[in-house]
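I have placed the structure first, in the form of structure tokens, so that the comments after it can refer back to it.
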Amino acid sequence: MTGFFRQVADYTQNAISAGKYLLQGLAVTFDHMGRRPITVQYPYEKLIPSERYRGRIHYEFDKCIACEVCVRVCPINLPVVDWVMNKETKKKELRNYSIDFGVCIFCGNCVEYCPTNCLSMTEEYELASFDRHSLNFDNVALGRLPTSVTTDPSVKPLRELGYLPQGIMDPHEVPNKDPRAGKLPAEVLDWMKQESSKEGEIASISNTKEEVN
Amino acid sequence: MNTGLDLELSFNNLLQGFGISSEISHILWLPLPMLLVLSSALIGVLVTVWLERKVSAAAQQRIGPEYAGALGVLQPMADGLKLLVKEDVIPAKADGLLFTLGPILVLIPVILSWLIVPFGQNLLISNVGIGIFLWIALSSIQPIGLLMSGYASNNKYSLLGGLRAAAQSISYEIPLALSVLAVVMMSNSLSTIDIVNQQNSFGFLSWNIWRQPVGFVIFWICALAECERLPFDLPEAEEELVAGYQTEYAGMKFALFYLGSYINLVLSALLVSVLYLGGWGFPFPVEWIANLLGQNVDTPLVQVFTGSIGIVMTIIKTYLLVFLAILLRWTTPRVRIDQLLDLGWKFLLPISLVNLLFTAALKLAFPIAFGG
């Protein structure tokens, strides 16, 4: 008989704790209702891509030496380098260059290995088109200067979480000019230079001490 | 007993004043409350759909519909319009008659149940003696429609969804009816009007929720299960069953299901407020306030005022419950079918039985507090 009552007591306890957890969950959901939306209202607001964002590839025709390194490092040999040998000058003459962004995976190997830096990554990512063939960019399309979210007057640029001032979670809350948390890369470089010069002094002092000994 | 505002009587008197016989004035009166309740049910659904989308968005830190009307209030209208002009597809191997009959059979009992929902002393279509029992009886027609549409779709997901819906409705009907029975036992009547009147003698202190806390919780759980709301939405569990019995439906037939589920939700919330939260009753009895202000309760102006307060109170209570249902939707995970049946048969049924017996014992022991 006591076993039965214990079972009933356990069961009741379980039911009560389940109800308690349910209320806790409801409190969490209710709390979320008071928070500000974290969504970005896309066509009107856009996030600013980070410095190392790998978007559409930009290409400068005049810098290119038609070495085809980009083709060799590409996982699928995607760039098409159309050149002919000029017998008189004994030099390659570049006629056309194209990359198909419907196939490109934006790994950035071509940009990494280009000996003349004629390839570079932009922050453009809106490449949608009605026809996949229009994603095949020739050297003119590749040479178009990239547009930026920050210069578009019809778009409100928003910073990503890592670029906001300390303690701020929502880019709507602060003006775009407020400095980000932590040091800028240039400031970090200065700091590193100072540190290394200090270390150099210490090292030279210890060296002189050793020489004395 | 305070009869309060009686629109039917005033209407009939007015028409008879123009020399129209009482039969004709009665016939003229009949369609008015029906139209009114039908349109209020539809508006209630539109508001609920909007509320669902907005509250869901807020719970997920989104904005929700924004461009269709101010704050997206026209979004449910736009949804309805879209469904209205969509192509009405009946799958080639489906049973056309049953396929069409299914959504109708789901929607009609739900709308019929609005017959007994009171917004005031005389503000309901008909004060039938069996009142709340009529609702329970009508709501058991619904699973037939669900099963019918699931079976007729000739699709395994639809069939599974229909079977689940039927199993769920049947298992949760019993604890629901038992918890209603406990309330009925206390108020000695099945009529919704009497049930509310019995709760409103001392304002919010005499609401049934204090005397029937267990019954309230059981009723709410079962009502959610009957409406197929999360955590009990497994008949249409989209991750496993595509959309359950709704899978093959499009256009207006889908809209009927959609409408039915939301009308059912509003109806359940209304009935919870009627059975447990004092229906149209203000938290403090309106008669007291009227006496305090030195007004006679029977003067026409005060009657109109108390009548409107009653409607507003019913709607406020209902929408608080709808809000709770939406909040629960984003809090609780969906239960499995075995967990659902376990909860229904092994937990809610015995507890509601014990609750009923306990209420009967209390009624015998304390007839003053528990309606002797």
Which of A:ASN86, A:ILE105, A:VAL73, positive extreme of dipole for segment A:38-166 (C-beta unit charges) = A:ASN86
request  = Using only alpha carbon pairs under 8 Å that are at least six residues apart, calculate the relative contact order of segment A:55-151 and give it in whole percent.
outcome  = 39
task = Compute the long axis of helix A:185-212 from its Cα atoms, compare it with the longest principal axis of the Cα atoms of chain A, and write down the angle in degrees, 0 to 90, nearest 10.
result = 80
remark   = Per GNM of chain B with C-alpha springs under 10 angstrom, the most fluctuating residue out of B:ASN12, B:ASN200, B:ASN154 is B:ASN12
note = Within 10 Å of the Cβ of an average residue in A:20-32, the count of other chain Cβ atoms is 4
task = Using a Gaussian network model of chain A whose springs link C-alpha atoms within less than 10 Å, name the residue from A:LYS183, A:LYS156, A:LYS87 with the highest mean-square fluctuation.
result = A:LYS87
key: Residues in segment A:141-184 reached by a label modelled at A:THR39 [backbone nitrogen below 20 Å; 7 Å Cα→Cβ]   = A:155-161, A:169-173
request  = Work out, step by step, the length gained on full extension between B:TRP29 and B:GLN16: first 0.36 nm times the residue separation, then minus their alpha carbon distance; give nm to one decimal.
outcome  = 3.5 nm
request  = Can you tell me the order of B:217-229, B:31-43 when each peptide is scored by its average per-residue count of other Cβ atoms within 10 angstrom, highest first?
outcome  = B:217-229, B:31-43
ask   = In percent, what relative contact order does chain B have, based on Cα pairs under 8 Å that are 6 or more apart in sequence?
value = 22
Residue among A:HIS32, B:LEU270, B:ALA237 farthest towards the positive dipole end of the protein assembly as shown, charges placed on Cβ = B:ALA237
query = Name the residues of segment B:122-139 whose amide N is less than 14 Å from a point 7 angstrom out from the Cα of B:ILE108 along the C-beta direction?
reply = B:138-139
ask   = Given a Förster radius of 25 Å and the C-beta distance between B:PHE305 and B:LEU81 as r, what FRET efficiency does 1/(1 + (r/R0)^6) yield to the nearest 0.05?
value = 0.10
request  = Compute the separation of the alpha-carbon centres of segment B:88-105 and segment A:1-67 and state it in Å as a whole number.
outcome  = 40
query = Can you give the % of DSSP beta bridges in segment A:38-166 that are antiparallel, to the nearest 5?
reply = 80
Shielding by partners, peptide B:329-339 (average Cβ within 10 angstrom, other chains) = 2
ask   = In whole angstrom, how far apart do the alpha carbon centroids of segment B:213-243 and segment B:15-73 sit?
value = 25
request  = Could you order peptides A:104-111, B:144-151, A:72-79, B:110-117 by the average number of other Cβ atoms within 10 Å of their residues, highest first?
outcome  = B:144-151, B:110-117, A:104-111, A:72-79
inquiry  = Helix B:96-112 against the longest principal axis of chain B: what's the angle in degrees, Cα atoms only, rounded to the nearest 10?
reply    = 20
Cα-projected label distance for B:ASP88 with A:HIS32, points at 7 Å along beta-carbon direction, nm = 3.9
inquiry  = Can you tell me which of B:VAL274, B:VAL266, B:VAL89 moves the most in a GNM of chain B? Springs connect C-alpha atoms under 10 Å apart.
reply    = B:VAL89
query = Helix B:156-187 versus the longest principal axis of chain B: what is the Cα-based angle in degrees, 0 to 90, to the nearest 10?
reply = 20
key: Computed magnitude of the charge dipole of chain B (debye, nearest 20; Cβ of K, R +1, Cβ of D, E -1)   = 560
query = Can you give the average number of partner chain beta-carbon atoms within 10 Å of each beta-carbon in peptide B:11-22, as a whole number?
reply = 0
ask   = Considering only the other residues whose Cβ falls under 10 Å of the Cβ of A:TYR125, what net charge follows from Lys and Arg at +1 and Asp and Glu at -1?
value = 0
note = Residues B:PHE119, B:PHE366 in order from fewest to most other beta-carbon atoms within 10 Å are B:PHE366, B:PHE119
task = Determine the relative contact order of segment B:119-190: mean sequence separation of Cα pairs under 8 Å and six or more apart, normalised by residue count, in whole percent.
result = 33
A:LEU94/A:ARG54 FRET efficiency (R0 25 Å; Cβ-Cβ; nearest 0.05) = 0.50
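Here, each number is a calculation from the coordinates, and none is a lab measurement. Keep in mind that this is a model prediction, so the values were computed, not measured. Note that each Cβ is placed from the backbone with ideal geometry, even for glycine, and that neighbours are counted across all protein chains shown.
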